[in-house]
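The values are calculated or read from the model by the stated rules, or taken from the named source; none is laboratory data. Worth saying up front: this structure is predicted, and the values here are computed from it rather than measured. A quick note on method: Cβ atoms are made from the backbone with ideal geometry, for glycine too, and the neighbour counts reach across all protein chains shown.
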Amino acid sequence: MWVKPWKMKEGFLIGGGLLFAGMLLQVATGPIRWELFAWPVNLIVLILLLAAVGVMFALGRKVYAFEWMMHEGAAVPCLVYAAALTILMGLLPQVRVGGMPWLSQMLRFWPFVLIWTWMMVISALAALNHLLRWKVKEIPFILNHLGVVVAIVSATLGSADTQSLQLTAFTGEPEWRAVDDAGTVHEPGLAIELHKFTLEEYPDHTPKRFASDITVYTEDGKAVQGTVEVNKPLKVNGWKVYQYGYDVKYGTESPYSVFQLVHDPWILWVYIGIFMMIAGALCLMLFMAPKPMRS
Amino acid sequence: MSWDSFVWFALTAVLLWAAGAFFAWKERKPLVYACTLTGIALFFAFILGMWISLERPPLRTMGETRLWYSFFLPVAGIIVYSRWRYKWILSFSTLLSFVFICVNLLKPGIHSKSLMPALQSPWFAPHVIVYMFSYALLGAATVMAVYMLIRKGKTTEKEINLTDNLVYVGLAFLTFGMLFGALWAKEAWGTYWAWDPKETWAAATWLCYLVYMHLRKAKPGEWQTACVILLVSFVCLQICWWGINYLPSAQGLSIHTYNVK
């Protein structure tokens, strides 16, 4: 144990250490409060994370542990822990409040978050390692490992900056107040006036299509007219307006339409990560799969 | 095209695939391709017919996803055959496809025209179709894993190579399915990932196949452990596909249940 070269055993022990450290943190500080990561805290965390990865990479030749982290042997135990905790999350009901201690709120469970963070650090180090010995044939590896880091890190750190509000607009009455999940009233800086709500139904009266003709007024004096329907949101001043619901009691005669307003300032980075992963997966099957063998 | 004609299309296709599989054993290559591809074309004609008559892609109900799965198994089979020349692969894909066709004949599911607004998106077809193709490939990889674990000592490099390939291509399609789903969800609901039970199991499945891939790189000699991981991964995949409908943790929580009335 701990004799070079490290085997997977060392990786499983490090993972076990992270689980233990996570449990201590959970006892000491309680579940992670992601809302505390709102701007600029998430930026600071990101800079610290990047700095840590940079330092680890720079010391790779001197500190054996850091060099070891760049290779598959470190990835396997980490992925095993991540998979196991995610399976556990899938098996146990996840609730917002209450439930089983620790495991019913897996996303706020320190050990889960530490393991995923470890996975991101390992993946970033591996990507850097391949990036710096640049060759065209390294592109697939870099896309896959950097893509997943860019997508997951920006999605996680950006979650506290994401606003999701519900706005109910009655026909002909501009509405600027919207409520969040907790029921708190917000004024997101835009108003929606509903001109006409349309509902088409199938013969069995299940909804086929519902849409709202609206005008969105913004604080800076814009008036954007458009139709919002499911799968076709409208983009105004960094907000996306989604068709969310209507008064099902009245159906086609619904006097109001419910919209969801979403503001997600980190979305561009998530998309960049996702498109890197899609390109990476394409490369995975075209270039990374071992050559077929014929006897 | 109505569901009633499924039995004729399906059984003719199965007979053609069985003929293709037979000719594979007899090493009559042109006949293998002719029979198998005709069967595939016939089966696809039925899917297209359903698509047109339902006025929506037939991808909504469990029965409809099984339809695609039965279609993709021989597709994956003929691809593997063309690259590795395994005589048995087409027999296997025909048999497995036949099992799914029988399930569909016995339990057709609801095939109404209605398609809820959330599913009316250009992402719907690619999201489900790439997943079904991936499931077919990863199903084949699972059978390889079982086969290699049973025969242990007799396992060849070529078999391991085939399994690796199935997983690489299967995982690539699994990734496409997951990410197309994320891009679609952003357009439909405003969130690209919500840890809905189906999404949680999709993530777990994805991670399990990543374990396989990294283990194969780190310890090429430990292919038996890798095979066991493939079995675990496939269990996760099944839970993700239909098992969550029976999991207490997912009851009433998943937005991915569309065929519940």
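Scanning the range A:215-236 for residues being within 14 Å of chain B (Cβ to nearest Cβ) and either surrounded by fewer than 16 Cβ atoms within 10 Å (Cβ to Cβ) or over 12 Å from A:Ala191 (Cβ atoms) (or both) gives a total of 9. Taken together, the criteria place A:Pro292 among residues that are within 12 Å of chain B (Cβ to nearest Cβ) and assigned to a loop (DSSP other than H, G, I, E, B).
Scanning the range B:214-226 for residues that are more than 8 Å from every other protein chain (Cβ to nearest Cβ), out of contact with any helix residue (DSSP H, G or I) (no Cβ under 6 Å at 6 or more places or on another chain) and not polar (S, T, N, Q), we see that the one that is surrounded by the fewest Cβ atoms within 10 Å (Cβ to Cβ) is B:Gly221. Just one of the listed residues (A:Tyr242, A:Tyr271) is modelled with pLDDT of 95 or more, in the same structural domain as A:Ala211 (by TED's automatic domain parsing) and surrounded by 15 or more Cβ atoms within 10 Å (Cβ to Cβ), namely A:Tyr242.
Taking the range B:174-214 on its own, how many of its residues are of a type in the set (Lys, Arg) and more than 22 Å from the chain's Cα centre (by Cα)? It would help to see each step written out before you state the result.
If we filter the range B:174-214 for residues that are of a type in the set (Lys, Arg), which is where we start, we get B:186, B:198.
Now drop any that are not more than 22 Å from the chain's Cα centre (by Cα), which leaves B:186.
Count: 1.
Selection of the range A:235-253 for residues being among the hydrophobic types (A, V, I, L, M, F, W, C) and within 14 Å of A:Glu201 (Cβ to Cβ) yields only A:Val248. Selection of the range A:157-179 for residues being surrounded by fewer than 20 Cβ atoms within 10 Å (Cβ to Cβ) and within 10 Å of the chain's Cα centre (by Cα) yields only A:Ser159. Which of the following residues is at pLDDT below 95, more than 20 Å from A:Ile278 (Cα to Cα), assigned by TED's automatic domain parsing to the domain that holds B:Leu231 and polar (S, T, N, Q): B:Thr156, B:Thr163? From the options B:Thr156, B:Thr163, the qualifying one is B:Thr156. Taking residues in the range B:190-207 that are assigned by TED's automatic domain parsing to the domain that holds B:Ser254 and over 20 Å from B:Asn245 (Cβ atoms), and partners anywhere that are at pLDDT below 95 and not in a loop (DSSP other than H, G, I, E, B), not one pair has Cβ atoms closer than 8 Å while being at least 6 places apart or on different chains. At least 3 residues being under 21 Å from the mean Cα position of the chain (by Cα), free of Cβ contacts under 8 Å to residues at least 60 places away in the same chain and assigned by TED's automatic domain parsing to the domain that holds A:Gly15 is the threshold, and among the helices (runs of 4 or more DSSP H) wholly inside the range A:26-118 those reaching it are A:41-58, A:72-91. Take the residues in the range B:195-213 that are surrounded by fewer than 24 Cβ atoms within 10 Å (Cβ to Cβ) and over 14 Å from B:Leu174 (Cβ atoms); name whichever of them is farthest from the other protein chains (Cβ to nearest Cβ). Applying the filter and picking the extreme gives B:Asp196. The single condition among (1) under 24 Å from B:Trp201 (Cα atoms); (2) in contact (Cβ under 8 Å) with a residue 40 or more places away in the chain that B:Met148 does not meet is (1). Which residues, taken from the range A:131-141, are more than 16 Å from B:Ala172 (Cβ to Cβ) and either surrounded by 19 or more Cβ atoms within 10 Å (Cβ to Cβ) or among the acidic types (Asp, Glu) (or both)? Of everything in the range A:131-141, just one residue is more than 16 Å from B:Ala172 (Cβ to Cβ) and either surrounded by 19 or more Cβ atoms within 10 Å (Cβ to Cβ) or among the acidic types (Asp, Glu) (or both), namely A:Glu138. Every listed requirement among (1) within 13 Å of chain B (Cβ to nearest Cβ); (2) farther than 21 Å from A:Val179 by Cβ; (3) in contact (Cβ under 8 Å) with a residue 24 or more places away in the chain is met by A:Lys208 save one, (3). Scan the range B:113-155 for residues that are in a loop (DSSP other than H, G, I, E, B) and crowded, with 16+ Cβ neighbours inside 10 Å and the total you get is 6. Among the conditions (1) in contact (Cβ under 8 Å) with a residue 12 or more places away in the chain; (2) surrounded by fewer than 23 Cβ atoms within 10 Å (Cβ to Cβ); (3) more than 8 Å from chain A (Cβ to nearest Cβ), B:Leu247 misses just one, which is (3).
Filter the range A:92-124 down to the residues that are more than 13 Å from every other protein chain (Cβ to nearest Cβ) and farther than 24 Å from A:Ser154 by Cβ and list them by number. Hits for the range A:92-124 are A:Val97, A:Gly98, A:Pro101, A:Trp102. Among the residues of the range A:156-166, are any in a loop (DSSP other than H, G, I, E, B) and modelled with pLDDT of 95 or more? Checked against the condition, which is being in a loop (DSSP other than H, G, I, E, B) and modelled with pLDDT of 95 or more, the range A:156-166 yields at least one hit.
Consider the range A:243-261. How many of its residues are more than 24 Å from the chain's Cα centre (by Cα), assigned to a strand (DSSP E or B) and aliphatic (A, V, I, L, M)? Total meeting the criteria: 1. In this structure, A:Leu286 qualifies as at pLDDT below 95, assigned to a helix (DSSP H, G or I), closer than 27 Å to A:Val148 by Cα and not aromatic (Phe, Trp, Tyr).
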